[in-house]
Amino acid sequence: MAVPDASKVRVRIAPSPTGFAHLGTASTALYNALFARANGGTFVLRVDDTDLERNRPEYELVIYDALHWLGLDWDEGPDKGGPDAPYRQSERRDLYREHAARLLGEGKAYRCYCTREELDAERKQAQAEKRPYKYSRRCLGPDAPKDRTEFAVRFKVPGGEVKFKDMIRGDMSFDADLIGDFIIVKSDGYPTYNFASPVDDAAMNISHVIRGEEHLSNTPYQLMIVDALGYPRPVAYAHMPLILAKDGAKLSKRKHPEANLILYREEGYLPEALINYLALLGWNPGTSQEIFTFDELVLAFSFDRVQHAGARFDWEKLNWINGEYIRRLDDEELAQRLKPFLPKLDDATIRRAVPALRTRLPKLKAAAELLEYLWTEPPAPQLEPEAAERVRAAMAVLKELPWEPEPIHEALMGVVEKSGLGPNKTFMPVRLAVTGKKISPPIDYTLALLPKDVALSRLQRAVGGSA
RNA sequence: GGCCCCAUCGUCUAGUGGACUAGGACGCGGCCCUUUCAAGGCUGAGAUCGCGGGUUCGAAUCCCGCUGGGGCUACCA
């Protein structure tokens, strides 16, 4: 084991490979990464795969992929190795077994042969009598069931007061007399979360435990394990406010699509925009700055400006931030990022479209709707005679033009002027004829992006007749 | 039920006893710009600071109670 060095900042995240990359994991990873970077520390990724039912090895990739996309990179992990390898809890079972044996040997833990049914009955009984439930310690006494072979290991909770420091909430204190003896090793031989986590944190010299608020009440459990094992406790904890759904409920993957990180990439949110939004959910810089690069966040972030209450997720604000980031991208960069969302278009066309797209995209995927007319044949519009006349006038000048936005713009303005009518009297029927929609990029771009012959034939078709 | 955390515009938040007729951002309304849609500029509405008691000359800010929300209380993490 590495020599503990209290001055060194080491933080970790410990996601479970359930086949789903959760928004909360990104949020926690972000705060850990920020803290590590700000303190010249190390960011560890540990895979918490102790639930045989739910976890699949191949699901690790889903998490790596999402975190990489967000640019949240770790220094040590199952895929990278490191001084405290292995970083997969399923591969650290000897360590947990060893520690459980030690606790067992010292009388700080004991085998529990109770069945789930018996335990359920105990719990229901307590509930019926309106008394707080704690395990009865049956297996510690003379009533312990004999001739059974399957057992779990329980930690013998010493009771008393458990105190610790939370960087967000200050001094915390829990009454451990209220905590029943909890299971640390399941009957399948795997450790439970509240055992594996503190053992690993100690073994990996984790200095600061930064995680979601749902773990606040777990902390006394884990601290008792650390103490019983004689390890130094982490320097401090930080329990981040939860991200809530729009309706104020906890984000669940079943009910709330926004819980799924993959969705953001698919919809065309920029990773740096999501990071920015996540940072602002539950934290604020104390200034009016809203847009932050990662490096700026490293400098500005501090736990004492973290909110204590859960924060609701808001698509509108995310869309705004994402739009801000999109508008700030230069042409080439925006074209590159747009490519996956416009598979039907060649690079040159995308590049030509970019200036017309920039201020119109709350997310990259919106480009597809705006440019759909380039790869689909729109229905021919029904034009009023007056509108058809405008289209004919436009066609007349368009025919002789170099096919670029500027000349198209100038020529069309000439047509508008001659008509003595508002520009929209000409532009809207042209737009309708070419795209089939009332909304499109500016008309000069709308036309120029289409091959000239295609554009003209659509106009011709709209006024009745062939080209 | 028990324990713990929390509570300011619809949402994210500023605010740490007097500068608060409670500020900003998103969203929403209006106006301007304009070629549709955006973007941009200006502007407006929107919170009796969850409720009730205290403390104080004075409370969004401190204390107590209540209510409401969330978490933990699993051989899930």
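Charged neighbours of A:Tyr237, selected by a Cβ distance under 10 Å, balance to +3 (K, R count +1; D, E count -1).
Placing a label point 7 Å from the Cα of A:Glu384 along the Cα-to-Cβ direction, the residues of the range A:400-432 whose backbone N falls under 16 Å of that point are A:420-432. The stretch between A:Arg169 and A:Lys80 holds 28.7 nm of extra length on full extension. This uses 0.36 nm per residue minus the Cα-Cα distance.
Between amide H atoms placed 1.01 Å from N, distances below 5 Å from A:Trp283 occur with A:Gln307, all of them 5 or more places distant or on a separate chain. Look at A:Thr25, A:Thr192, A:Thr376 and count the other Cβ atoms within 10 Å of each Cβ; fewest to most, that gives A:Thr376, A:Thr192, A:Thr25. Please name whichever of A:Tyr269, A:Gly414, A:Leu329 sits farthest to the positive end of the charge dipole of chain A, dipole taken about the Cα centre and charges placed at Cβ: Lys and Arg +1, Asp and Glu -1. Going by the charge dipole, the pick is A:Tyr269.
The charge dipole of the range A:345-467, taken about the Cα centre with unit charges on the Cβ atoms of Lys, Arg (+1) and Asp, Glu (-1), comes to about 340 debye, rounded to the nearest 20. Computed over the range A:1-131, relative contact order equals 24 percent, with contacts defined as Cα pairs under 8 Å that lie 6+ residues apart. For chain A, adding -39500 (n - 2.57) for each run of n ≥ 4 DSSP H residues and dividing by the number of residues yields -12500 deg cm²/dmol at 222 nm.
Our estimate of slack between A:Leu229 and A:Ala348, defined as 0.36 nm per intervening residue step minus the Cα-Cα distance, is 36.4 nm.
Give me the net charge of A:Arg137's neighbourhood, meaning all other residues with Cβ under 10 Å from the Cβ of A:Arg137; Lys, Arg count +1, Asp, Glu -1.
Working: positive: A:Lys134, A:Arg138, A:Arg154, A:Lys156; negative: A:Asp143, A:Asp181.
Around A:Arg137, the surrounding residues sum to +2.
Starting from 0.36 nm per residue, how many nanometres of slack lie between A:Glu58 and A:Thr149 once their C-alpha separation is accounted for? Intermediate values should be presented prior to the final figure.
Values: separation 91, 0.36 × 91 = 32.76 nm, distance 3.30 nm.
Length gained between A:Glu58 and A:Thr149: 29.5 nm.
The relative contact order of chain A, computed from alpha carbon pairs under 8 Å that lie at least 6 residues apart in sequence, is 12 percent. Legend: distances between Cα atoms for A:Lys124/A:Lys156; A:Lys365/A:Lys437; A:Lys339/A:Lys363; A:Lys317/A:Lys344; A:Lys134/A:Lys156; A:Lys339/A:Lys365; pairs beyond 20 Å are A:Lys124/A:Lys156; A:Lys317/A:Lys344. Among A:Phe341, A:Pro57, A:Pro132, which residue has its Cα furthest toward the positive end of the charge dipole of chain A, with +1 on Lys/Arg Cβ and -1 on Asp/Glu Cβ? Going by the charge dipole, the pick is A:Pro132. So how tilted is helix A:60-70 from the main axis of chain A? Cα-based, degrees 0 to 90, rounded to 10. It works out to around 50 degrees.
About the centre of its Cα atoms, the range A:137-283 shows a dipole size close to 260 debye [charges on the beta carbon of Lys, Arg (+1) and Asp, Glu (-1) only; nearest 20 debye]. Charging the Cβ of each Asp and Glu at -1 and of each Lys and Arg at +1, and nothing else, the dipole of chain A about its Cα centre rounds to 920 debye. The distance between label points at A:Met413 and A:Arg131 comes to 8.8 nm (points 7 Å beyond Cα on the Cα→Cβ vector). For A:Lys399, the aspartates and glutamates whose Cα falls under 19 Å of its own Cα, not counting residues fewer than eight places away in the same chain, are A:Glu389, A:Glu410, A:Glu417, A:Asp444, A:Asp453. Between the residues A:Pro385, A:Leu72, A:Cys112, the greatest Cα displacement towards the positive end of the dipole of chain A, with unit charges on the Cβ of Lys, Arg, Asp and Glu, is found for A:Cys112.
Would you mind counting up the charge near A:Asp330? Only other residues with Cβ under 13 Å from its Cβ, with Lys and Arg at +1 and Asp and Glu at -1. Summing Lys and Arg as +1 and Asp and Glu as -1 gives +2. Unpaired Cys in chain A, meaning no second Cys C-beta under 4.7 Å: A:Cys114.
With the simple spin-label model, which puts each label point 7 Å out from Cα in the Cβ direction, the A:Ala101 to A:Asp120 separation comes to 3.5 nm.
Within chain A, what percent of beta bridges assigned by DSSP are antiparallel, to the nearest 5? Write out the running numbers ahead of the final one.
Details: 17 of 31 bridges.
Bridges in chain A that DSSP calls antiparallel: roughly 55 percent.
Mean separation of Cα pairs under 8 Å and 6 or more residues apart, divided by the residue count, gives the range A:13-89 a relative contact order of 40 percent.
Place the peptides A:329-338, A:119-128 in order of packing, highest mean first, counting for every residue the other Cβ atoms within 10 Å and averaging per peptide.
Averaged packing, sorted descending, gives the order A:329-338, A:119-128.
None of the figures in this text is laboratory data; all of them are computed from the coordinates on show. Computed from a predicted structure; not experimentally measured. With ideal geometry, Cβ positions are generated from the backbone for all residues, glycine too; neighbour counts draw on all protein chains shown.
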